[in-house]
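To keep things clear, I will list the structure first and then write my remarks on it.
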Amino acid sequence: MLFNFFPKDANFFELFEKQSLCNVKAAEAFRIAVSGGMLNMEALAQVVKLESEADEATHAVIMQLNKCFITPFDREDIHSLTKALDDIIDMMNTISNRLQVYKITDVKKNLVEFALVMEASAKAIDTAVKGMKDMQNYDKVMAACMEISRLENISDSMRDTALAGLFENEKDPVVIVKWKELYEEAETVMDICADAAHVVESIMIKQA
Amino acid sequence: MLFNFFPKDANFFELFEKQSLCNVKAAEAFRIAVSGGMLNMEALAQVVKLESEADEATHAVIMQLNKCFITPFDREDIHSLTKALDDIIDMMNTISNRLQVYKITDVKKNLVEFALVMEASAKAIDTAVKGMKDMQNYDKVMAACMEISRLENISDSMRDTALAGLFENEKDPVVIVKWKELYEEAETVMDICADAAHVVESIMIKQA
Amino acid sequence: MLFNFFPKDANFFELFEKQSLCNVKAAEAFRIAVSGGMLNMEALAQVVKLESEADEATHAVIMQLNKCFITPFDREDIHSLTKALDDIIDMMNTISNRLQVYKITDVKKNLVEFALVMEASAKAIDTAVKGMKDMQNYDKVMAACMEISRLENISDSMRDTALAGLFENEKDPVVIVKWKELYEEAETVMDICADAAHVVESIMIKQA
């Protein structure tokens, strides 16, 4: 294969921003889907739609990576970042899917809280991703990454509280099985956001 | 350590084919094990036996990788491919094991459907792995990878249908817990097959 | 960034040993926490405390890795090893946390058995990690890694036995859900120990 040494079209940053924008929109749609008490099926369908849009951006990054000899930073870091960004929306899609498969109609309020921190985290990642193309944004990017870490810690407690409440108050074991999974998946979204933040931090430190 | 620059015995392709053949045989044994209504314990034992055979081939790849200075393609890709091929049979082994631990006797028909797509996917991977040593097979290998992706998408729907049916029709929560896990693990086999296909695709694109 | 070619402070081995020591102490605390029939909350709190101590050592390794140009062995292997060592205590922390969230008071004796093999495995990893800085310890390190593999195999059977017993004897589905997870997480600790051992083996083989 002929490598492009200085390929014009190797817009990794643009593609990361596209991925990140899909995450922000999906987090918004998910928050709308679960916030009305009853599940909003239209907003939920939006998450699924955004997930395939995000897949295209991810695929484009991988293609670029295979074609470019010179990359703006470590190939492995590009791969990790694009994967983490994609995993975020994949997991939001999984939760949306499970809400439908389990025929959930009434949304428990703990999930609404998760949706709010997910949205805040997706927006903080967006700030970090947009900032990373210019080292002048170093402090701003690092602050966004720290915020993502903080939100992840909060979500750990949220999951513990939600699970403890579920096992204490819910009598139907099948309902417990369903919501245990939903809460754990919600917290996993936050873990993956923190993974993405760690990749961004590590890229910034190496370039500083 | 002395590196072999052109080691005679560095038959990575041969070892990948050995791994892949174990996967095909295990998928066949698994399909036989679950297709007769009642669980076929002899066929199930075959999956376990093949899993340790596959482990040896995986181990041989890792050993080769540590010894060889020149490899037919990226070291990281060799590692990813051998791991993905091994993860496939590991997960089939896990399902086989759980069927026994949970003392399942009657096999639900949804699992038979999964067994059929698993076998089709293992055979498609075998076509891809056998083809990848010669760039003349480019189109054939890529077509096999696309087929694996298609089967993975089908298996997503199969899992959703199986889970929705389980939660709707099954009254015993313990049976729900058992089969929920089995269906999810079956779909995970297909996810790992798709991972393996992505590694093959990426190797082919880089070499094209 | 200015790389340190021969950085004085790049004590990767020291940091690995610090991580490993946290694992050993946490495994001891966990064993004490679950061995008295009733859950020992003080010992359990110790696991949580050690987990954040271990996080600092992990963070220090990552920071060193980003700063050092020359490392005692492959950067990727350093990353894998520090991650595996950290994953061990993270998973012990997860189990400790779940015991509290699920308001477990009476500890099932199968978990005590897991705690004993976890402790043995953490100590074997400690032997391996301490030995790996000097190639004269090659045989000793490899023997410790084999011991970790052996313990992992034992823990697979322990999990199968524990799960089979749980599903056969326990009538309350909610108790089944809780303990199924605890046993699986306990076995996952052993899987991660085996991952760590594989990284150590691979480092030793490359350097031999």
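Just need a number here: residues in region A:127-146 that are surrounded by 15 or more Cβ atoms within 10 Å (Cβ to Cβ), part of a helix (DSSP H, G or I), out of contact with any Asp or Glu (no Cβ under 9 Å at 6 or more places or on another chain) and in contact (Cβ under 8 Å) with a residue 24 or more places away in the chain. Of the residues in region A:127-146, 1 are surrounded by 15 or more Cβ atoms within 10 Å (Cβ to Cβ), part of a helix (DSSP H, G or I), out of contact with any Asp or Glu (no Cβ under 9 Å at 6 or more places or on another chain) and in contact (Cβ under 8 Å) with a residue 24 or more places away in the chain. Taking the conditions (1) surrounded by fewer than 18 Cβ atoms within 10 Å (Cβ to Cβ); (2) within 14 Å of chain B (Cβ to nearest Cβ); (3) farther than 30 Å from A:I205 by Cβ in turn, A:E113 satisfies each one other than (2).
Name the one entry in B:I89, B:I95 that is in contact with a Cys (Cβ under 8 Å, 6 or more places away or on another chain), assigned to a helix (DSSP H, G or I) and closer than 30 Å to C:I176 by Cβ. Step through it out loud before you land on a result.
Values: B:I95 fails: in contact with a Cys (Cβ under 8 Å, 6 or more places away or on another chain).
Exactly one of B:I89, B:I95 is in contact with a Cys (Cβ under 8 Å, 6 or more places away or on another chain), assigned to a helix (DSSP H, G or I) and closer than 30 Å to C:I176 by Cβ, namely B:I89.
Could you please find all residues in region B:72-105 being more than 14 Å from chain C (Cβ to nearest Cβ) and either in contact with an Asp or Glu (Cβ under 6 Å, 6 or more places away or on another chain) or modelled with pLDDT under 90 (or both)?
So the first thing to find is which residues in region B:72-105 are more than 14 Å from chain C (Cβ to nearest Cβ), and the list is B:72-73, B:81, B:84-85, B:88-89, B:92.
Those that are more than 14 Å from chain C (Cβ to nearest Cβ) and either in contact with an Asp or Glu (Cβ under 6 Å, 6 or more places away or on another chain) or modelled with pLDDT under 90 (or both): B:P72, B:F73, B:A84, B:I89.
Specify the residue that is farthest from the other protein chains (Cβ to nearest Cβ); the eligible residues are those in region B:168-208 that are in contact with a helix residue (DSSP H, G or I) (Cβ under 7 Å, 6 or more places away or on another chain) and without any contact (Cβ under 8 Å) to a residue 12 or more places away in the chain. Going through the qualifying residues, I end up with B:E170. The sole residue among B:L151, B:L182 that is over 13 Å from the mean Cα position of the chain (by Cα) and part of a helix (DSSP H, G or I) is B:L182. Residues that are within 26 Å of A:M204 (Cβ to Cβ) and surrounded by fewer than 15 Cβ atoms within 10 Å (Cβ to Cβ) within region A:37-70 comprise A:H59, A:M63, A:F69, A:I70, listed in sequence order. Across region A:166-208, the number of residues qualifying as charged (D, E, K, R) and farther than 16 Å from A:S155 by Cα comes to 7.
One residue is enough: does region B:1-8 have a residue meeting the conditions surrounded by fewer than 20 Cβ atoms within 10 Å (Cβ to Cβ) and part of a helix (DSSP H, G or I)? Looking through region B:1-8, none of the residues is surrounded by fewer than 20 Cβ atoms within 10 Å (Cβ to Cβ) and part of a helix (DSSP H, G or I).
The values are calculated or read from the model by the stated rules, or taken from the named source; none is laboratory data. Being a predicted model, the structure only gives us computed values, none of them experimental. So basically every Cβ, Gly included, is an ideal-geometry build from the backbone, and we count neighbours across all protein chains shown.
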